[in-house]
Amino acid sequence: MVSRLLVSSRLGLALLLTALLTACASPITARVTSFNQWPADTADSSFSFLSQVDNSRELELASYESQVQAELEKQGLRRAPAGQTGRIQVDLKVGQNREDKTWLQPVYQDNLVFMPPYRDAAGRIFPGAWVPDPFGPRYVGDRQVSQTLYTSSLRLRLLDSQASPPGKPRTVFESQAIYEGFSDELPLLVPYLVRAVFDEFPGQNGQVRTVKFDPKTGALIKK
């Protein structure tokens with residue numbers, strides 16, 4: 001019985017380690033939905049961010065804004081001087097939800113079987129012994145497993161004040177990137193969500209796509 005428990009424990013530990021290593025090696029995947037009516041004359045236009053109301057996350061949101069700023073500058077836009085409103089106004093929202101998931105996981109157990117004593121053709125006698133079941137681990141039932149699933153999201157809207165009624169800029173780009181997984185490290189995930197939103201910017205109108213990143217290098221995984 002002790003041997004059986006030891007074998008089962010080792011098998012369970014091996015399966016757990018395999019699962020953890022697999023999760024760590026999995027790509028960071030974001031599902032991106034984008035809509036746009038991006039104007040063709042935005043080169044060298046200025047942009048500014050809409051005011052944030054959550055003062056408790058002021059530094060955190062400023063960090064996210066700087067990441068969006070870097071991507072907009074790659075598109076040929078420049079940030080408006082402090083206190084001024086740019087042609088393009090940026091509305092950025094970042095959030096995270098959690099949900100406890102429960103499912104059934106099959107359980108397998110290693111059995112030992114007794115091989116009786118036997119005599120070979122030369123007359124030698126071999127004693128009996130307990131050996132691993134030649135048919136491998138046996139299914140013994142299911143166990144309930146619970147884990148917390150996190151949904152991290154980034155929503156970006158770019159509004160154009162040019163050729164729009166005063167105080168009513170029109171939306172010319174809208175995109176949302178969503179990551180679902182077991183990581184609750186939102187500050188570590190947001191840079192990937194920002195890059196996913198700007199991948200192939202402005203992209204096709206109404207496009208839904210999956211963007212993947214290498215978890216070790218951070219590089220975009222091309223299809």
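A few comments on the model shown:
Condition check ((1) touching a Ser or Thr at 6+ places or on another chain (Cβ under 8 Å); (2) over 30 Å from T171 (Cβ atoms); (3) of a type in the set (G, A, S)) across all residues:
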site	(1), (2), (3)
A70	no, no, yes
Q75	yes, no, no
R79	yes, no, no
Q84	yes, no, no
Q89	yes, no, no
D100	yes, yes, no
F114	no, yes, no
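- Subset tally (residues that are of a type outside the set (G, A, S), under 20 Å from D199 (Cα atoms) and either more than 31 Å from the chain's Cα centre (by Cα) or crowded, with 17+ Cβ neighbours inside 10 Å (or both)) for the range 149-173: 8
- In summary, strands (runs of 3 or more DSSP E) completely within the range 120-210 and bearing 1 or more residues that are in contact with a strand residue (DSSP E or B) (Cβ under 9 Å, 6 or more places away or on another chain) and among the charged types (D, E, K, R) occur at 138-160, 170-181.
- Count of the range 184-223 residues which are at pLDDT below 90 and small (G, A, S): 0
- Filtered by the rule that a residue be under 22 Å from W38 (Cβ atoms) and hydrophobic (A, V, I, L, M, F, W, C), the range 129-177 gives L154, L156, L158, L159, A163, V172, F173, A177.
Conditions (1) closer than 21 Å to E60 by Cα; (2) modelled with pLDDT under 85; (3) of a type in the set (S, T, Y), marked per residue:
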site: N97; (1), (2), (3): yes, no, no
site: V113; (1), (2), (3): no, yes, no
site: L149; (1), (2), (3): no, no, no
site: P165; (1), (2), (3): no, yes, no
site: R170; (1), (2), (3): no, no, no
site: E174; (1), (2), (3): no, no, no
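- In the range 102-124, the residue that is nearest to R143 (Cα to Cα) out of those that are exposed (fewer than 10 other Cβ atoms within 10 Å of the Cβ) and of a type in the set (A, V, I, L, M) is A121.
- Residue in the range 201-223 that is on the phi < 0 side of the Ramachandran plot, aliphatic (A, V, I, L, M) and touching a Pro at 6+ places or on another chain (Cβ under 8 Å) present: yes
- Of all residues making up the range 87-119, the number that are assigned to a loop (DSSP other than H, G, I, E, B) and under 38 Å from the mean Cα position of the chain (by Cα): 2
The values are calculated or read from the model by the stated rules, or taken from the named source; none is laboratory data. Please read these numbers as outputs of a predicted model, since none were measured by experiment. Cβ coordinates were reconstructed from backbone atoms using ideal geometry, including for glycine residues, and neighbour counts include every protein chain displayed.
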